[in-house]
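Colleague: My structure is below; once you've seen it, I'll send some questions.
The values are calculated or read from the model by the stated rules, or taken from the named source; none is laboratory data. Since we're looking at a predicted model, the values are computed, not measured. Here the Cβ positions follow ideal geometry from the backbone for every residue, glycine too, while neighbour counts run over all protein chains shown. Heads up: the accessible areas ignore ligands, DNA and RNA and are worked out on the full protein's heavy atoms, side chains in. Shrake-Rupley method; radii C 1.70, N 1.55, O 1.52, S 1.80 Å.
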Amino acid sequence: QVQLVESGGGLVQPGGSLRLSCAASGSIGSIYVMGWYRQAPGSERESVANIISGSSTNYADSVKGRFTISRDDAKNTVYLQMNSMKPEDTAVYYCYAHIASRGSSLIGDYWGQGTQVTVSS
């Protein structure tokens, strides 16, 4: 069994910064992709950023130049540094990962519980 636990959400003023963390634990064999989605009230869940093993990154156009995704493979943790935040960044942020469990070649999709990020003055 694999679990993802997020931390770092909260309230920030426009122009401010937050850093989200997501740690994977459990029976982990290999982690292929880690990333973040977000869902604002009344909106569909959208991809924010992801990072593939080997450090290749992808970003939504709306966050390019403001958000930075990184990962620490030794800690099985992915981070999302969010700078120059805007009210439209307000959403629940979900961590996800494509992970093969230890001893298996099958890759499963795992999600965190979500963390609220609110950008408001």
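Colleague: Give me the percent relative contact order of region 20-121, please, defined on Cα pairs under 8 angstrom at least 6 residues apart. Don't jump to the answer; show the numbers that get you there.
Modeller: Values: 205 pairs, mean separation 32.9, N = 102.
Once divided by the residue count of region 20-121, the mean separation gives 32 percent.
Colleague: In addition: Near residue 23, within a Cβ-to-Cβ distance under 15 Å, what is the net charge of the other residues, with Lys and Arg +1 and Asp and Glu -1? Mind showing how you got there, number by number?
Modeller: Details: positive: 19, 71, 75; negative: 6, 72, 73.
Taking every Cβ under 15 Å from that of residue 23, the sum is 0.
Colleague: Please give me the summed charge of the neighbours of residue 14: other residues whose Cβ is under 13 Å from its Cβ, Lys and Arg +1, Asp and Glu -1. Before the final figure, lay out each step's value.
Modeller: Details: positive: 66, 86; negative: 88, 89.
Overall, the nearby charge balance is 0.
Colleague: What is the sum of charges, Lys and Arg at +1 and Asp and Glu at -1, for the other residues whose Cβ falls under 12 Å from the Cβ of residue 46?
Modeller: On the way: positive: 38, 45; negative: 44, 61, 88, 89.
Combined, the nearby Lys, Arg, Asp and Glu give -2.
Colleague: Another question, if that's okay. Under unit Cβ charges (Lys, Arg +1; Asp, Glu -1), what dipole magnitude, rounded to 20 debye, does the chain have relative to its Cα centre?
Modeller: Numbers: 9 positive and 9 negative charges, 40 e Å.
It works out to roughly 200 debye.
Colleague: Keeping all protein chains in place, calculate the accessible area per residue for region 10-121 (probe 1.4 angstrom), answer in Å².
Modeller: Numbers: 5690 Å² over 112 residues.
Accessible area per residue: 51 Å².
Colleague: Using protein chains only and a probe of 1.4 angstrom, how many square angstrom of residue 11 are accessible, to the nearest 10?
Modeller: Solvent-accessible area, nearest 10 Å²: 130 Å².
Colleague: Using a 1.4 Å probe on the protein heavy atoms, what percent of the accessible area of the chain belongs to carbon and sulfur? If you can, show how the numbers build up before the last one.
Modeller: On the way: 2850 of 6170 Å².
Taking all protein chains in place, the chain shows 46 percent carbon and sulfur surface.
Colleague: What is the distance in Å between the Cα centroid of region 1-30 and that of region 74-114?
Modeller: Computed from Cα coordinates, the inter-centre distance equals 7 Å.
Colleague: Using Cα springs under 10 Å in a Gaussian network model of the chain, which residue among 101, 62, 47 shows the largest mean-square fluctuation?
Modeller: Sorting by GNM fluctuation, first place goes to 62.
Colleague: Once Rh is set to the Kirkwood radius over Cα pairs, what Stokes-Einstein translational diffusion coefficient, in µm²/s, holds for the chain at a temperature of 25 °C and a viscosity of 0.890 mPa s?
Modeller: Numbers: Rh = 14.5 Å.
My calculation gives 170 µm²/s for D.
Colleague: Between residue 3 and residue 45, what FRET efficiency follows from the Cβ-Cβ distance if R0 is 22 Å, with the result rounded to 0.05?
Modeller: Using R0 = 22 Å, I get an efficiency of 0.65.
Colleague: Taking 25 °C and 0.890 mPa s as the conditions, I'd like the Stokes-Einstein D for region 9-67 in µm²/s, using the Kirkwood hydrodynamic radius from alpha carbon pairs. Intermediate values should be presented prior to the final figure.
Modeller: Working: Rh = 13.7 Å.
D = 180 µm²/s.
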